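Scroll down for the structure; my scribbles are underneath it.
The values are calculated or read from the model by the stated rules, or taken from the named source; none is laboratory data. The shown structure was predicted, so the numbers you read here are calculated from the model rather than taken from an experiment. Methodologically, a virtual Cβ is constructed for each residue, glycine included, from the backbone with ideal geometry; neighbour enumeration extends over all protein chains shown.
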Amino acid sequence: MAELDLIDRKIVSELMRDATQPVAQIADRVGLSQTPCWKRIQKLEAAGVLIRRVAIADPGKLGFDLTVFVEIEAPDHSAEWRDSFAKAVASIPEVMEVYRMAGEMDYLLRVSVPDMPAYDLLYRKLTDAVAIKNVTSHFSMERMKFTTAYPVDTRNW
């Protein structure tokens, strides 16, 4: 898909803000009629710009009161280790995000668990599943900002 035009960026912005809006409401907000708006949404989905539409839940109200950022240092960088690591983290649902990093750490994980004993269990599961050179855990005390919406520029130049 070519670079997004202003209308596409506005549609994406509206959906990131609230994906439950009816197409008619999105169309009105972006200055289109309903059918062209729906066609653009379908094209954005087909192009992979819009990956999925989800509800965002409050982790605390679901019992996930502890967020941990986990730095992983790999013992080696072989394809076999990377595959084993990818399978291990994919099998642990409390691992919410995994990033391969540049710099001192090799991977950064965001983990959500109910409490410290649950994190300890996750830690043991992960380190039993795959060899790891070093694990450093950082415990979040407060989530000060959270968003899933990217700051899409919706200004008309």
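So the values come out like this:
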quantity: Single unsatisfied condition, Asp106 versus (1) acidic (Asp, Glu); (2) within 18 Å of the chain's Cα centre (by Cα); (3) buried (at least 16 other Cβ atoms within 10 Å of the Cβ); calculated: (2)
quantity: Residues located in the stretch 39-55, provided they are at pLDDT below 95 and over 23 Å from Ala24 (Cβ atoms); calculated: none
quantity: Filter result (part of a loop (DSSP other than H, G, I, E, B), without any contact (Cβ under 8 Å) to a residue 24 or more places away in the chain and surrounded by 12 or more Cβ atoms within 10 Å (Cβ to Cβ)) within the stretch 1-26; calculated: Gln21
quantity: Test for Arg29: is it free of Cβ contacts under 8 Å to residues at least 40 places away in the same chain, under 16 Å from Val152 (Cα atoms) and surrounded by 13 or more Cβ atoms within 10 Å (Cβ to Cβ); calculated: yes
quantity: Flag for His138 being surrounded by fewer than 16 Cβ atoms within 10 Å (Cβ to Cβ), touching a residue at least 12 places away in the same chain (Cβ under 8 Å) and assigned to a strand (DSSP E or B); calculated: yes
quantity: From the options Val95, Val68, residue that is in contact with a Phe, Trp or Tyr (Cβ under 8 Å, 6 or more places away or on another chain) and outside the structural domain of Met16 (by TED's automatic domain parsing); calculated: Val68
quantity: Residues of the stretch 47-67 classified as over 15 Å from the mean Cα position of the chain (by Cα) and assigned to a strand (DSSP E or B), total; calculated: 1
quantity: Only listed residue being out of contact with any helix residue (DSSP H, G or I) (no Cβ under 6 Å at 6 or more places or on another chain), under 30 Å from Ala118 (Cα atoms) and of a type in the set (A, V, I, L, M, F, W, C), chosen from Val95, Val54, Val49; calculated: Val54
quantity: Selection within the stretch 134-157 - among the hydrophobic types (A, V, I, L, M, F, W, C) and within 21 Å of Gly31 (Cβ to Cβ); calculated: Ala149, Val152, Trp157
